[in-house]
Amino acid sequence: MKILINDYKFNVMKRITFLIASVLLLMACNNEIDTDLNLPEIPDSQITLKLPDAQVFTYSTATVSECTIDEIWVLEFNGNTLDTAVLINGANIAYNGQATQMLPQLPFEVENGHKIILIANSGRTTFPAGIDTTTINTFFPLSASSPNVRDYYLEGEHLPMYGKIDSWPGTTAYSCEMIRAVAKIQVRLGETFTDLTGSNVWPNGVYYNFWNHAVEGQIQPSATVTGIPSSSVHLIPEHLRLLQFDANTSDPKMVYVYEYNSSMRDNLGNSVSPTVFDVERPYLLFTDGTVYWRLDFYDAYATSPTYKQFVDVKRSSHYIFTINRVSSPGYNLDFEAINNPGSNIEYTVEVKDGSSHITSNGQYAIVSSVDSAYVAAGASGVTIATVRYQLPAEMTGLGAGTVNTMNTDATPSGSMTVTSPSPTATLTATDAPIIVTTTSTFTEGTITFQLGNITHKIGVKKQP
């Protein structure tokens with residue numbers, strides 16, 4: 001099972017054929033390929049993968065395709081030096097396509113204290129010599145020029161992911177969280193969407209184009225800016241990328257793109273202020289073929305400073321554009337819409353990154369500490385998260401906001417109640433606890449906060 005290339009050891013596991021019970025192992029040595037139908041001796045080294053935001057059914061719930069792994073590289077490093085690399089096919093992964101899945105027992109012993117790096121769906125099925133922990137992005141680039149790697153991903157495609165175990169603990173099993181290397185963009189119409197244009201084209205007659213998105217990225221998060229590749233590596237070409245999707249309530253369309261620090265840079269890498277409109281930022285352009293509306297990655301939330309700002313497009317985060325109202329036709333020319341902030345259209349931008357959950361309409365926001373939580377069945381008065389209301393600094397004179405909370409979609413019905421905050425609570429800038437009580441039959445539910453045209457939801461599931 002060992003192949004020597006420039007003094008690096010490699011283990012290669014190829015695809016299990018579904019029609020036979022045996023495993024075919026392809027081994028290369030001195031440019032010769034031998035076939036061996038006998039399984040190698042397998043020691044007790046096993047890794048369980050955990051994928052983010054797949055446990056609870058909220059708008060950000062991961063689909064099966066977002067959790068599916070076609071192939072995954074397991075790289076073992078001794079310090080900065082590559083010791084072993086093995087490619088595992090997705091057919092060998094137990095529970096593949098779910099939030100938690102298990103790799104087969106590795107055909108090599110991981111040395112205590114060694115670093116393990118996991119790279120999934122990279123599109124690379126051969127491995128080069130000379131890699132170390134600092135050159136992974138060179139050998140696993142995410143760009144339009146890379147073989148089998150897309151510069152964007154569509155619904156149903158399997159996404160590139162990255163995971164790391166800094167020091168193997170010396171046990172027979174280890175759990176590793178995988179991080180998706182792309183951001184998820186979703187557009188939907190609000191539950192009470194209103195079209196006042198008289199055109200009757202929303203939702204089925206309108207589509208959106210996604211412009212100025214990144215076409216290059218990195219499989220490994222950048223060390224210089226957390227989660228955002230540096231602009232020198234992540235430049236976006238001057239030409240405009242175009243993606244088209246239907247926008248409707250029953251089937252919100254999704255697209256996945258590489259991250260970019262778009263709050264501080266335009267698509268050419270030029271520095272811009274996070275509070276200043278810039279035509280070169282990523283944006284969505286809606287049209288019915290005759291008029292146009294622009295939607296930006298623009299939010300009213302920020303912990304410091306507390307003003308309205310444009311936001312970064314970050315990996316493993318979910319951005320939901322919810323269109324609530326179209327009051328009049330958009331611009332007659334796409335050039336006019338592109339060069340001006342969105343007008344005559346009311347929308348919110350919801351951002352979910354695992355550590356916080358924000359829903360904003362560009363004027364005010366609801367911020368909760370999580371977008372999903374677990375609670376035991378039969379729990380009484382348990383705090384599962386916090387929630388607050390936020391205004392940008394220039395709007396503090398408007399005061400706090402009164403929010404309507406409701407318990408919806410609890411299964412079975414009535415099995416979860418929200419005891420705090422009350423349905424007519426006045427949320428302030430101070431975090432308030434979200435307290436719930438469940439019955440013994442509780443399985444899952446959703447808590448909804450309604451404030452003006454903002455709908456903010458937290459998914460809750462029975463603790464396993």
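The values are calculated or read from the model by the stated rules, or taken from the named source; none is laboratory data. None of these values were measured; they are calculated from a predicted model. Here Cβ is always computed from backbone atoms with ideal geometry, including for glycine, and neighbour counts include all displayed protein chains. Please note that ligands, DNA and RNA were not included when accessible areas were found on the heavy atoms of the full protein model with its side chains. Shrake-Rupley method; radii C 1.70, N 1.55, O 1.52, S 1.80 Å.
A few notes on this one:
- Residue-level check: of (1) closer than 13 Å to residue 178 by Cα; (2) outside any helix (DSSP H, G or I), residue 66 misses just (2).
- Within the stretch 80-95, the set of residues being in a loop (DSSP other than H, G, I, E, B) and buried (at least 17 other Cβ atoms within 10 Å of the Cβ) comprises just one member, 93.
- All strands (runs of 3 or more DSSP E) inside the stretch 112-177 with 2 or more residues being in contact with a Lys or Arg (Cβ under 9 Å, 6 or more places away or on another chain) and within 27 Å of residue 260 (Cα to Cα): 115-120, 161-165, 173-177
- Some residue of the stretch 390-401 being hydroxyl-bearing (Ser, Thr, Tyr) and either at pLDDT 80 or above or within 27 Å of the chain's Cα centre (by Cα) (or both): no
- Residue check, residue 371 of a type outside the set (S, T, N, Q) and open to solvent by 40 Å² or more (accessible area, probe 1.4 Å): no
- Here residue 68 meets each of (1) out of contact with any strand residue (DSSP E or B) (no Cβ under 6 Å at 6 or more places or on another chain); (2) open to solvent by less than 50 Å² (accessible area, probe 1.4 Å); (3) modelled with pLDDT under 90; (4) of a type in the set (Val, Ile, Thr) with one exception, condition (3).
- Hits in the stretch 181-208 (condition: open to solvent by 10 Å² or more (accessible area, probe 1.4 Å), touching a residue at least 60 places away in the same chain (Cβ under 8 Å) and out of contact with any Asp or Glu (no Cβ under 7 Å at 6 or more places or on another chain)): 184, 186, 188, 191, 192, 193, 194, 195, 196, 197
- Qualifying residue in the stretch 117-140 (condition: free of Cβ contacts under 8 Å to residues at least 40 places away in the same chain, out of contact with any Pro (no Cβ under 9 Å at 6 or more places or on another chain), open to solvent by less than 40 Å² (accessible area, probe 1.4 Å) and not aliphatic (A, V, I, L, M)): yes
- Tally, over the stretch 276-322, of residues that are modelled with pLDDT of 80 or more, among the polar types (S, T, N, Q) and out of contact with any Asp or Glu (no Cβ under 9 Å at 6 or more places or on another chain): 1
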